[in-house]
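What follows is a set of notes on a single structure, which appears directly below.
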Amino acid sequence: MTNEPVLVIGGTGKTGRRVVAGLQERGVAVRVASRSSEQRFDWLDESTWEAALEGVGAVYAVPLEGVPVPRSFTELAVKSGVGRIVLLSARGVDVPGYYGDGETAEAAEEAGVASHLEGERAVRASGLEWTVLRPGWFAQNFSEGLFLDPLLAGELRLPTADAAASFVDLDDVAAVAVAALTEDGHTGQVYEMSGPRAVTLETAVAEIAEATGRRIRFVPVTVDRFTAELRQDGLPAEDAELWAAALNPIRRGLEAKISDGVRRALGRDPRDFAEFVSAAATAGAWRG
Ligand SMILES: NC(=O)c1ccc[n+]([C@@H]2O[C@H](COP(=O)([O-])OP(=O)(O)OC[C@H]3O[C@@H](n4cnc5c(N)ncnc54)[C@H](OP(=O)(O)O)[C@@H]3O)[C@@H](O)[C@H]2O)c1
């Protein structure tokens with residue numbers, strides 16, 4: 001059975017782009033799929049799935065936030081002759097209350113945890129060879145994600161107090177995905193991943209300031225203030241709440257944990273936050 005071509009759903013996004021590049025470096029045929037790709041694929045439009053899956057050997061799946069990968073998708077994948085699937089999930093989804101605020105249970109739902117778990121269940125029950133990736137907070141949130149604009153404006157304001165997080169580099173997450181898609185030995189594995197060192201948000205921002213020469217600082221704020229400021233910036237209330245819930249594990253110290261998924265999958269240590277900063281600075285991530 002061949003795993004080619006590999007369908008990369010979300011192949012234009014932060015992890016997907018890197019998975020596509022990693023596969024192409026290995027000479028593996030790739031089909032990029034998303035709403036805006038030549039191969040159109042929409043999680044919310046089942047009529048786009050069959051053509052995307054036709055002739056595909058393996059799938060890398062980035063689920064839509066809050067929407068589980070449905071069994072109807074994995075069933076269609078099996079029917080289409082797909083042999084293998086690698087699913088992007090998130091660290092902590094298996095820990096009750098991980099995304100909660102420590103007091104109420106509902107926040108876990110808001111952070112999309114339930115949907116990640118449901119998607120994992122669909123993949124595990126599919127009969128496909130499966131691998132689940134559970135990365136912690138991405139280092140690239142600073143260079144491509146939610147933290148970028150505030151950093152370019154000079155101030156990152158988060159409800160994380162003086163907590164630290166072991167940010168994982170997406171080049172490592174993608175390398176694990178590529179290994180799982182193309183090599184033996186990763187079937188049935190759940191890879192929980194982090195970087196090798198927990199850094200406080202203040203240290204992280206200071207390292208970026210030093211590498212770029214920019215005057216930027218970290219300012220801890222309350223959860224209420226954080227969500228109010230996101231809404232002032234034009235984010236829908238629901239999204240602001242979701243980000244606040246996603247930051248709960250950092251604030252509560254849970255994201256300082258070091259996970260061994262990169263070492264287990266690749267036989268080497270993950271990249272340090274300092275390496276991420278240096279590479280992103282060289283690539284001009286904070287030139288703004
Ligand atoms: N940020 C973190 O620190 C963190 C940590 C752990 C886990 N995660 C998880 O990582 C996932 C996000 O991954 P990412 O950062 O690689 O993605 P991303 O950069 O947010 O990109 C999303 C990708 O999905 C595509 N997409 C959006 N809506 C779609 C739809 N309806 N149907 C099909 N494709 C769609 C986008 O392309 P189009 O717009 O062209 O469709 C794009 O390729 C989330 O599930 C999140 O829970 C994030």
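The values are calculated or read from the model by the stated rules, or taken from the named source; none is laboratory data. Given the structure is predicted, the values throughout are model-derived calculations rather than measurements. Side chains included, ligands, DNA and RNA excluded: accessible areas come from the protein's heavy atoms. Shrake-Rupley method; radii C 1.70, N 1.55, O 1.52, S 1.80 Å.
Assorted remarks:
- Among ALA211, ALA161, ALA58, the largest mean-square fluctuation in a Gaussian network model of the chain (Cα springs under 10 Å) belongs to ALA211.
- Just checking the listed ones, ALA77, ALA139, ALA29: in the Gaussian network model of the chain with Cα springs under 10 Å, the one fluctuating most is ALA29.
- Database remark: amide H of TRP130 closer than 5 angstrom to the amide H of ILE85, GLY188 (H placed geometrically; neighbours at sequence offset of 5 or more, or on other chains; Pro and chain starts carry no H).
- Gain in span if fully extended, LYS257 to ALA21, counting 0.36 nm per residue against the direct Cα distance: 82.1 nm
- Accessible-area composition of the chain, carbon plus sulfur, in percent [1.4 Å probe]: 47
- P(r) for the chain, from all Cα pairs and a bin width of 5 Å, is 1, 6, 12, 16, 18, 17, 13, 10, 5, 2, 0, 0 %, short bins first.
- If both residues of a DSSP beta bridge must be in the chain, then about 10% of such bridges are antiparallel.
- For the chain: accessible area per residue (Å², 1.4 Å): 45
- GNM result for the chain, Cα springs below 10 Å: residue of GLY234, GLY83, GLY11 fluctuating most strongly: GLY234
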